[in-house]
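Have a look at the structure below before the remarks.
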């Protein structure tokens, strides 16, 4: 335990002293985001653009986390035991990528759809099943597509996007993820990803 604490302290101090825009606390055996970190990073929190909390044992993330790191662009939370995100995540104005793979989500975190800047969501390795496979109101803005990485048994995910001509175009999730197709003319369109089994 002492070694884990010392490891966290070293990484935080390096972020502050070297003026880094990234904080890496992966593999630190964290069960929550330490309150002490907020105090230490208070003077540089607005400079932090990337935070990695992968491969810990975190069960929850507080609203304070999102209200503190308001300039965050990328957040990696893969490999924890999260079941939900606080509503405050929907207020992130700069977040472009969030990795939630290999957690314990059973429903899609709807607040993510309120983040207009979000481009990538990774939810592979979670237990999202049944009607929750229908992901509604995923907004495509500025000719960008929100790429969703999901893992489901015995089904495929398709993205239905309405282009600028009003036509509904279907793309297989794997095609979109691999960029085998490049949707064009998708301005302020609504994309819905659905399982054909439902």
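Any read-out appearing in this document is the output of simple, stated calculations on the displayed coordinates, not a laboratory observation. Remember, it's a predicted structure, so these values are computed and weren't measured experimentally.
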- line: Subtracting the Cα-Cα distance of residue 31 and residue 93 from 0.36 nm times their residue separation yields 19.7 nm
field: Relative intensity, log₁₀ I(q)/I(0), of the range 1-128 from a Debye sum that treats every alpha carbon as a point, q = 0.15, 0.21 Å⁻¹
entry: -0.66, -1.31
query: What number, in percent, do you get for the relative contact order of the range 1-128 if the mean sequence gap of Cα pairs under 8 Å and at least 6 apart is divided by its residue count?
result: 18
